[in-house]
Number of protein chains: 2
Amino acid sequence: MTPGPTEIPEQIREAMARPIANPDVDPAFVDTYRSLTADLASVYETAKDVVVLGGEGVLGLEAAVASVIEPGDRVLCVANGLYGEYFAEFVELHGGEPITCSFPWDEPIDPDAVSEAIDEAKQEGEDVAAATFVHCETPTGTMNDLDEALEHCREAGVLTIVDAVSSLGGAPVPVGEIDLCIGASQKCFSAPPGLTTVAVSDAAWERITGTDTRGFYTDLGLWRDVGETGEFPYTHLASNCYGLAEAVSIVLDEGLENGFSRHEAAAGQCRDLGTEIGLASYPAEARSAPTVTAFEVEEATVVQERLHQEHDILVGTGLADLEDDLIRIGHMGYNADTERVETTMDALESVLDDR
Amino acid sequence: MTPGPTEIPEQIREAMARPIANPDVDPAFVDTYRSLTADLASVYETAKDVVVLGGEGVLGLEAAVASVIEPGDRVLCVANGLYGEYFAEFVELHGGEPITCSFPWDEPIDPDAVSEAIDEAKQEGEDVAAATFVHCETPTGTMNDLDEALEHCREAGVLTIVDAVSSLGGAPVPVGEIDLCIGASQKCFSAPPGLTTVAVSDAAWERITGTDTRGFYTDLGLWRDVGETGEFPYTHLASNCYGLAEAVSIVLDEGLENGFSRHEAAAGQCRDLGTEIGLASYPAEARSAPTVTAFEVEEATVVQERLHQEHDILVGTGLADLEDDLIRIGHMGYNADTERVETTMDALESVLDDR
């Protein structure tokens, strides 16, 4: 019950064990990839291209940044959490200049501040190449409402990059306003870690094509035509693609809206049971994510270990400065289940009562 | 029977299907990683550190280059094939200046030329930061004898990077003289593609630690202490690690020398049967790899497709300019089997006879 990787259903694990078609030579693998990306576009609810890269979600985040900026480019990094802050590091690593627009971790993103930061940069004669956002800040269980800020970016002609790793498939993502929207296999899809997905707008492709990328593995441009040519930049992760394809088909079979409701129900159950045992949610309830709940718990790392040892249930703690202050219950994908949440919260209650 | 990915034995596929321990939180995964890297060190026959990154083999190649060079650094790229040439592209992408030391694809690497290239650069006052080599050039089925060239590099104090992706585990690799030696899961290990392995010398770690790397996913430095801390730079590819661990244990259970002999037997069988049906090996026989055999065959792509359609056997063709001129039979890992080679060559004979 960690906020990803989740428990993996048997059907997906079995897909991981299938004999593989050679991704470099066998047309059967190209069919798998095409159908996987088409199904993913349905999950993204977009007509944009979707590409699937062979690596963990952070590869998608870095590749999005690396593929659209050149040395000296200014990138607005909007952050109210750890992953928002990581984006600024990726910008620096790839030679860009991050303009940070930061908020406390327990406060929402102010769209007016985003707008002002863009205006300010432009008044100083600095073009803003892109803006980065995090939809769901997994480390604090916070879901950010990005609609207004994304609209400001569009109006200002600023390309938008959004980390939707821990929301995609479990909650509606405003993909229509996003130029590069990143997901990963091990969160709401409940497949094993190893693949990252990126929905790419035409404007983003145009920028990517015109940008000299300083890397190969992080170059999204190499993926633009793979669906058509059937030629991948490297041997694709065939088993992982089978697993993710199975996972995406489960999501689509359930129906996106049904899945979103299931996540809301599990999250609501988790918050209610937390309230009952006197736990405070770290983000304000209205911003608490449908995929992960963060409760304020003292000595969280001890509680985590006792839950694991005594109840065989693994949950997350906080990260960075909050490591020992938060317990995070993941209810995403396969684990977005009120019964599983109840079992987890019962166990948490018993550990907290006994200390 | 392509030169990787190979057919994957059931035992390894089943390991891919195991429920996973959370790589970010569960100490059980750290144990898996430690035991995997220790077993890999046995395959590398080295006491050096081995790290396993979450991506295809090319990630290991790029990461090795990216992690040891800084903008302007000169790197000697020794090439008698496609992968040797790719190294020069990685050097350029990461801001280095490749000094190419190229040989025709059907000729060996001349160690004296390597030595002279280093001397020449040094006489011009240019330090050579590293030299890159390819042990087995999969695209031409050529095994390079690197011993003497590596020795020259050591004497000149030049760090060595070697692509052993398609030889490691199937043939002896001169790891003792190599600072960064790269392998991958889908070649002689017969696991699915998705992991790359790097054996790193102390001198290489020292360089890596002192180098500003312009990327995150390609930064080997982030992996130096993961075995001790149990904290990975990103959520590791747990299922793939289980698959590779199973694969490596199969290699060690057989015994390295027994495995090498099996590869030699399969390769010898392949060359002999090729000679019988009048096929010429592309590299001179003494340089033909024990893991892949390249035969000169006209209209190779048609032959490849007929073998697939009519006999359900998939082999490789040449790459780049040689695409339509070579048929490549992979006999690596699970497929290094004289019976499988015989079946393949019988099918090839029947296709060639019938045209």
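Indicate, rounded to the nearest 5 percent, the antiparallel portion of the DSSP beta bridges found entirely in the protein assembly as shown. Intermediate values should be presented prior to the final figure.
Working: 46 of 84 bridges.
Bridges in the protein assembly as shown that DSSP calls antiparallel: roughly 55 percent.
Estimate the FRET efficiency between residue B:107 and residue A:249 by the formula 1/(1 + (r/R0)^6), using the beta-carbon distance for r and 51 Å for R0, to the nearest 0.05.
After rounding to 0.05, the efficiency reads 0.50.
Between identical copies, the spacing of residue B:301 label points, each set 7 Å from Cα toward the C-beta atom, reads 5.8 nm from nearest to farthest.
Give me the orientation-averaged projected area of the Cα convex hull of the protein assembly as shown, in nm², one decimal. Walk me through the numbers before you get to the answer.
Working: hull surface 119.5 nm².
The Cα convex hull of the protein assembly as shown, projected and averaged over all directions, gives 29.9 nm².
In angstrom, the C-alpha Rg and Dmax of chain A are 20.2, 61. Of A:123, A:335, A:76, which is farthest towards the positive pole of chain A's charge dipole, taken about the Cα centre with +1 and -1 on the beta-carbons of Lys, Arg and Asp, Glu respectively? Farthest along the dipole direction, towards plus: A:335. Between the listed residues A:165, A:21, A:140, the Cα displaced farthest toward the positive end of the dipole of the stretch A:10-253, a dipole computed from Cβ unit charges relative to the Cα centre, is found at A:21. Simple rule: put +1 on each Lys or Arg Cβ and -1 on each Asp or Glu Cβ in the stretch B:256-353, find the dipole, and look at B:295, B:258, B:277; the Cα lying farthest toward the positive end is B:258.
Relative to the Cα centre, the charge distribution of chain B, modelled as +1 at Lys and Arg Cβ and -1 at Asp and Glu Cβ, gives a dipole magnitude of about 1020 debye. When residue A:126 is represented by a point 7 angstrom out along its Cα-to-C-beta vector, the spacings to that point in the other copies are 3.6 nm, nearest first. Residues whose amide H falls under 5 Å from that of residue A:8, counting only those 5 or more places apart or on a different chain, are B:20, with hydrogens built in the peptide plane. When residue A:10 is represented by a point 7 angstrom out along its Cα-to-C-beta vector, the spacings to that point in the other copies are 1.8 nm, nearest first. In this structure the amide hydrogen of residue B:292, modeled in the peptide plane, comes within under 5 Å of the amide hydrogens of B:331, none closer than 5 places in sequence on its chain. A simple rule links phi to the HN-Hα coupling: the Karplus curve 6.51 cos²θ - 1.76 cosθ + 1.60 with θ = phi - 60°, which for the stretch A:326-336 gives 10, 10, 10, 9, x, 9, 10, x, 4, 7, 7 Hz, with x for Gly and Pro.
Contact order for the stretch A:266-355, expressed relative to its length and based on alpha carbon pairs under 8 Å spaced 6+ residues apart, stands at 32 percent. Surface composition of the protein assembly as shown: carbon plus sulfur atoms contribute 41% of the solvent-accessible area (1.4 Å probe, protein chains only, all chains present). When chain B is treated as a GNM with alpha-carbon contacts under 10 Å, the residue of B:341, B:65, B:302 showing the greatest mean-square fluctuation is B:302. About its Cα centre, the dipole of the protein assembly as shown is roughly 940 debye, where the only charges are +1 on Lys and Arg Cβ and -1 on Asp and Glu Cβ.
Between A and B, buried accessible area from a 1.4 angstrom probe totals roughly 3300 Å², ignoring ligands, DNA and RNA. Shape descriptor for the stretch B:256-353: Rg over Rh equals 0.95 (Cα atoms; Rh from the Kirkwood inverse mean 1/r).
Working note: Karplus 6.51/-1.76/1.60 with θ = phi - 60° gives the stretch B:217-230 the couplings 5, 9, 9, 5, x, 5, 9, 4, 9, 4, x, 7, 6, x Hz, where Gly and Pro are set to x.
Annotation: lysines with alpha-carbon distance below 28 angstrom to residue A:48 (same-chain offsets under eight excluded): A:187. Counting only DSSP beta bridges with both residues in chain A, the antiparallel share comes to about 55 percent. Estimated from helical segments only, the mean residue ellipticity of chain A at 222 nm is -13000 deg cm²/dmol, where each DSSP H run of four or more residues counts as -39500 (n - 2.57). Of all complete DSSP H helices in chain B, those with a Cα span along the helix axis of 20 Å or greater and a mean Kyte-Doolittle hydropathy of 0.5 or more are B:238-254.
Measuring with a 1.4 Å probe in the full set of protein chains, what accessible area per residue, in whole Å², belongs to the protein assembly as shown? Could you put the intermediate results ahead of the total?
Working: 25610 Å² over 710 residues.
Value returned for the protein assembly as shown: 36 Å² of accessible area per residue.
A straight chain from residue B:280 to residue B:34 at 0.36 nm per residue would run longer than the Cα-Cα distance by 84.1 nm. Scaled to the globular estimate 2.2 N^0.38 Å, the Cα spread of the stretch B:149-247, given as radius of gyration, is 1.16. Distance between the C-alpha centres of the stretch A:69-90 and the stretch B:91-166: 38 Å, rounded to the whole angstrom.
The values are calculated or read from the model by the stated rules, or taken from the named source; none is laboratory data. Since the model is a prediction, treat every value here as computed from it, not as a measurement. Positions of Cβ are generated from backbone atoms using ideal geometry, with glycine treated the same way; all protein chains shown enter the neighbour counts. Ligands, DNA and RNA are stripped out before the accessible areas are found, and what is left, the full protein with its side chains, is counted by its heavy atoms. Shrake-Rupley method; radii C 1.70, N 1.55, O 1.52, S 1.80 Å.
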